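The structure appears right after this line, and notes come after that.
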Amino acid sequence: MKTPAEWKALFESEAFAQQTCYYGPLGPEYSPAGTRLRLWAPTARQVMVNLYRRGDGGACIGSMPLEKGPQGVWSVYLPGDQHGRYYTFTVQTETGLRETGDPYARAAGVNGNRSMIVDFARIDPPGWEKDQRPVIPPERRSVWEVSVRDFSQDPASGIRPAWRGKFLAFTQQGTTLNSDGVHPTCMNYLRRLGVGYVQLMPIFDFGSVDESRPLTRQYNWGYDPTNYNVPEGSYSTDPLRGEVRLRECKQMIAALHAAGIGVVMDVVYNHMYRNENVLNNTTPYYFFRQNEDGSFSNGSGCGNEFASERPMARRYLIDSVLYWAQEYHIDGFRFDLMGLYDVDTMNELRAELDKLPGGRSILMYGEPWQGGGSALRRYEANKNNLSMLNERIGIFCDNTRDAIKGGCFNAREPGYVEGKPDSFWDVGGAVAAWCRSDRLPPHSPAQIVSYVSAHDNFTLWDKLLMVRYPHPEFTATDPAALAQNRLAAGIILTSMGLPFWQAGEEFARTKKGQGNSYRSSPALNRLDWKRAQQFHSLVDYYRGLIGLRATFPRLSSADRTAPEAIRFFSLEQPLVGWTLPALPGDGSWWRALCVFYNPTADTPAVPLPEGSWKLLSDGTSSSLWRGKSQILTGSVTLAPCSATVLGLI
Ligand code: CA
């Protein structure tokens, strides 16, 4: 019997790659006459398929062996219409016998334990064939990150009870706060806000929520994959019927698309929920990175990490992303712990996405870091290697995040908006998407995801209050923190790159100082729609800036020379001011933009460049640009703690 270190040596040998690399179909291939199953399991000695009528329980109604073909691919043909049939494989390897789901399963029973054969033509929602990715030009790109559960769990959301916390909540139109008919919630709210994309926290099948039990006392973000190519069951109205989650997930996507909103999927290939999983059960050790002694490397901090550099693992990741793009019409992918993948895998994936119809518009970005020490010995998809990544693969920019609001690990550490001295220089770096800084290797401005809040760490509101007060009252309305919040949003939404924020940042979302709520209560995590009404002027402020950003396309340019066209003014610290001419013919409403950030409590007057400048946003009203507004020449007075935006007419 081989030791783990011997498995590692085998899997990393050229001979093994030659004997086992396979690029034909895998998983179930359905037709009404019969279904062929194919499983890549080159180290298996025997593989059986077990058939079931149900997704769990009930007797096995038959088992039969798969036949081994070239390159380690096992297959079996099941005659007759197999739609709705559940199955597992029993895989015998040197390390033992395991009953497992199919890594290429596209549907599964409750908790994903049994795979399922489906005829998509029979389960797609009506009109799905007409669903298309919306065209979202760069200047309309912004990302609002939310979990399916949090979006509509609030009883005040106006969503019908059976759909709260589910995919279908996205399909309910016209919802208002406690159905008051006035204050929009959920999709009704999102349409008005104007974001380009909704980024959904994990919607693939994850393991930390028991789908067979009531959900009231269970909660998890879902960064613990069990089936990569199957939607999560607890977000469906019936996890016991495997086809329901597929249909309802598509209904959600179609509803977002119908509102002109793109869907970014948060994907977590970097690790799986448990070491016992569909990949490790079929080809033990192959899919997970190994230390020299053969044990699993733990760069994810979750017990295992995906070996993207091994050819069939790389293929698995790419196949899965392409599958979601093609079958579910996903508009973008956000890679959790992208620093655990090698650069080649990410670039190859980009090239494969680009080959799809409209594929070049599909977004790709990720976290350019790891969750711990990794055994990866290739170029990692991280910040240091940014120049090696395709320039349409972006990164979350912690430089921007920390410069604006302060470090996210020390709650009390201030940033620019909280008056940290000397941080004005970094704010200039953020505005130019770090293209004029030696902090990051050469890159396109569009590769920078500009943000000050995401699901991890404190909400922006909580962070602002924790810097200000030793004992914050998180639910209080605090005018000073609100001004800081507006300034932070003002910087993000006028910086080059892709603006991104956690859902509810625009209504002062609080988790009451909780820094990591991945398994906290549903009540702490859910969007509190009453707050959207309470802080409606902050919501309007974001809305105005999102619209304003779209009037000046050069801010969203991917052109590497665009940041060089920004001219920064010499102002008294910590004021930051800059101007950027429009590119002729780029559809801009203004000939140039002029922007000032003032984190102080003073009202300084600052000089304006030559010409007549229309006041577009003054720090509290961000929709001045829509109507008649002041025309200024010579100078402008900045409100305390504000971002001021002017356009050359
Ligand atoms: Ca699940």
>> Just to be sure before I move on: is GLY515 open to solvent by less than 60 Å² (accessible area, probe 1.4 Å) and more than 22 Å from the chain's Cα centre (by Cα) in the structure I sent?
In response: no
>> Residues that are out of contact with any strand residue (DSSP E or B) (no Cβ under 9 Å at 6 or more places or on another chain) and among the hydrophobic types (A, V, I, L, M, F, W, C): does region 188-208 have at least one?
In response: no
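This table checks each residue for (1) open to solvent by 50 Å² or more (accessible area, probe 1.4 Å); (2) more than 27 Å from ILE261 (Cα to Cα).
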| site | (1), (2) |
| --- | --- |
| SER556 | no, no |
| ILE566 | no, yes |
| SER570 | yes, yes |
| SER612 | no, yes |
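Can you tell which of ASN280, ASN275 is part of a loop (DSSP other than H, G, I, E, B), more than 10 Å from the ligand (Cβ to nearest atom) and without any contact (Cβ under 8 Å) to a residue 40 or more places away in the chain?
Values: ASN280 fails: part of a loop (DSSP other than H, G, I, E, B).
Of the residues listed, the single one that is part of a loop (DSSP other than H, G, I, E, B), more than 10 Å from the ligand (Cβ to nearest atom) and without any contact (Cβ under 8 Å) to a residue 40 or more places away in the chain is ASN275.
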>> I want to confirm something. Restricting to region 301-314 and keeping residues that are open to solvent by less than 10 Å² (accessible area, probe 1.4 Å) and in contact with a strand residue (DSSP E or B) (Cβ under 8 Å, 6 or more places away or on another chain), which single residue is nearest to PRO42 (Cα to Cα)?
In response: MET312
>> Looking only at region 228-265, filter to residues that are in contact with a strand residue (DSSP E or B) (Cβ under 9 Å, 6 or more places away or on another chain) and part of a loop (DSSP other than H, G, I, E, B); which one of those is farthest from GLN173 (Cα to Cα)?
In response: GLU232
> Take the residues of region 185-217 that are touching a residue at least 40 places away in the same chain (Cβ under 8 Å) and over 22 Å from the mean Cα position of the chain (by Cα): which is nearest to the ligand (Cβ to nearest atom)?
Replying inline: GLU211
> Is there a residue in region 163-171 that is away from the ligand (no atom under 16 Å from the Cβ), open to solvent by 30 Å² or more (accessible area, probe 1.4 Å) and either among the small types (Gly, Ala, Ser) or under 19 Å from the mean Cα position of the chain (by Cα) (or both)?
Replying inline: no
>> I'm checking my understanding of the structure. Among residues of region 542-576 that are aromatic (Phe, Trp, Tyr) and part of a loop (DSSP other than H, G, I, E, B), which one is nearest to VAL195 (Cα to Cα)?
In response: PHE552
>> Which numbered condition in (1) charged (D, E, K, R); (2) surrounded by fewer than 19 Cβ atoms within 10 Å (Cβ to Cβ); (3) in contact with a helix residue (DSSP H, G or I) (Cβ under 9 Å, 6 or more places away or on another chain) is the only one that ASP422 fails?
In response: (3)
> Are any of the residues in region 219-236 within 11 Å of the ligand (Cβ to nearest atom), surrounded by fewer than 24 Cβ atoms within 10 Å (Cβ to Cβ) and closer than 18 Å to ARG526 by Cβ?
Replying inline: yes
> Quick one: in region 349-384, which of the residues that are charged (D, E, K, R) and assigned to a loop (DSSP other than H, G, I, E, B) is surrounded by the most Cβ atoms within 10 Å (Cβ to Cβ)?
Replying inline: GLU367
>> Given (1) touching a residue at least 12 places away in the same chain (Cβ under 8 Å); (2) farther than 19 Å from GLY242 by Cβ; (3) open to solvent by 10 Å² or more (accessible area, probe 1.4 Å), identify the lone condition not met by ASP119.
In response: (2)
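Out of region 605-649, which residues are in a loop (DSSP other than H, G, I, E, B) and within 32 Å of the chain's Cα centre (by Cα)?
Residues of region 605-649 in a loop (DSSP other than H, G, I, E, B): 608-612, 618-623, 627-630, 633-634, 638-641, 649.
Passing the criteria: ASP618, GLY619, THR620, SER621, SER622, SER623, CYS641.
Based on what the data block shows, is ARG160 more than 16 Å from the ligand (Cβ to nearest atom), over 30 Å from ARG554 (Cα atoms) and surrounded by fewer than 18 Cβ atoms within 10 Å (Cβ to Cβ)? First the steps, then the outcome.
Numbers: more than 16 Å from the ligand (Cβ to nearest atom): yes; over 30 Å from ARG554 (Cα atoms): yes; surrounded by fewer than 18 Cβ atoms within 10 Å (Cβ to Cβ): yes.
In short, yes.
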> If ALA454 passes every condition in (1) aliphatic (A, V, I, L, M); (2) farther than 20 Å from GLN199 by Cβ; (3) open to solvent by 10 Å² or more (accessible area, probe 1.4 Å) but one, which one does it miss?
Replying inline: (2)
>> When the residues of region 237-262 are narrowed to those that are farther than 18 Å from GLU327 by Cα and within 13 Å of the ligand (Cβ to nearest atom), which ends up farthest from the chain's Cα centre (by Cα)?
In response: LEU240
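Residues THR603, THR551: which one is without any contact (Cβ under 8 Å) to a residue 40 or more places away in the chain and β-branched (Val, Ile, Thr)? Walk me through how you get there before you give the answer.
Values: THR551 fails: without any contact (Cβ under 8 Å) to a residue 40 or more places away in the chain.
Of THR603, THR551, the one residue that is without any contact (Cβ under 8 Å) to a residue 40 or more places away in the chain and β-branched (Val, Ile, Thr) is THR603.
Here is a yes/no grid of residues against (1) touching a strand residue (DSSP E or B) at 6+ places or on another chain (Cβ under 7 Å); (2) under 24 Å from TRP578 (Cα atoms):
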site	(1), (2)
GLY373	no, no
ARG378	yes, no
ARG401	yes, yes
ALA432	no, yes
HIS455	yes, no
> part of a strand (DSSP E or B) and β-branched (Val, Ile, Thr) - does that describe any residue in region 423-445?
Replying inline: no
> When you go through LEU624, LEU616, LEU648 one by one, which is the residue that is open to solvent by 40 Å² or more (accessible area, probe 1.4 Å) and at pLDDT 95 or above?
Replying inline: LEU624
>> Residue under question is SER147, and the condition is that it be within 16 Å of the ligand (Cβ to nearest atom), in contact with a helix residue (DSSP H, G or I) (Cβ under 9 Å, 6 or more places away or on another chain), of a type outside the set (Val, Ile, Thr) and within 16 Å of ALA503 (Cβ to Cβ); does it hold?
In response: yes
> List pairs: first in region 470-496 and under 16 Å from ALA411 (Cβ atoms), second surrounded by 14 or more Cβ atoms within 10 Å (Cβ to Cβ) and of a type in the set (Ser, Thr, Tyr), Cβ under 8 Å, 6+ apart or cross-chain?
Replying inline: PHE474/THR510
> Which residues, taken from region 425-451, are of a type in the set (A, V, I, L, M) and open to solvent by 20 Å² or more (accessible area, probe 1.4 Å)?
Replying inline: ALA446
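Quick check on this structure: which one of GLY165, GLY158, GLY127 is under 17 Å from VAL539 (Cβ atoms), touching a residue at least 40 places away in the same chain (Cβ under 8 Å) and not acidic (Asp, Glu)? First the steps, then the outcome.
On the way: GLY165 fails: under 17 Å from VAL539 (Cβ atoms); GLY127 fails: under 17 Å from VAL539 (Cβ atoms).
Of the residues listed, the single one that is under 17 Å from VAL539 (Cβ atoms), touching a residue at least 40 places away in the same chain (Cβ under 8 Å) and not acidic (Asp, Glu) is GLY158.
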> If we only count strands (runs of 3 or more DSSP E) wholly inside region 31-71, which ones have 2 or more residues that are modelled with pLDDT of 95 or more, surrounded by 12 or more Cβ atoms within 10 Å (Cβ to Cβ) and hydrophobic (A, V, I, L, M, F, W, C)?
Replying inline: 34-40, 46-52
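The values are calculated or read from the model by the stated rules, or taken from the named source; none is laboratory data. Source: prediction; values computed, not measured. Don't worry about glycine lacking a Cβ; one is built from the backbone with ideal geometry, like all the others, and counts go over all protein chains shown. For the accessible areas, the whole protein counts, side chains as well, though only heavy atoms, and no ligand, DNA or RNA atoms are used. Shrake-Rupley method; radii C 1.70, N 1.55, O 1.52, S 1.80 Å.
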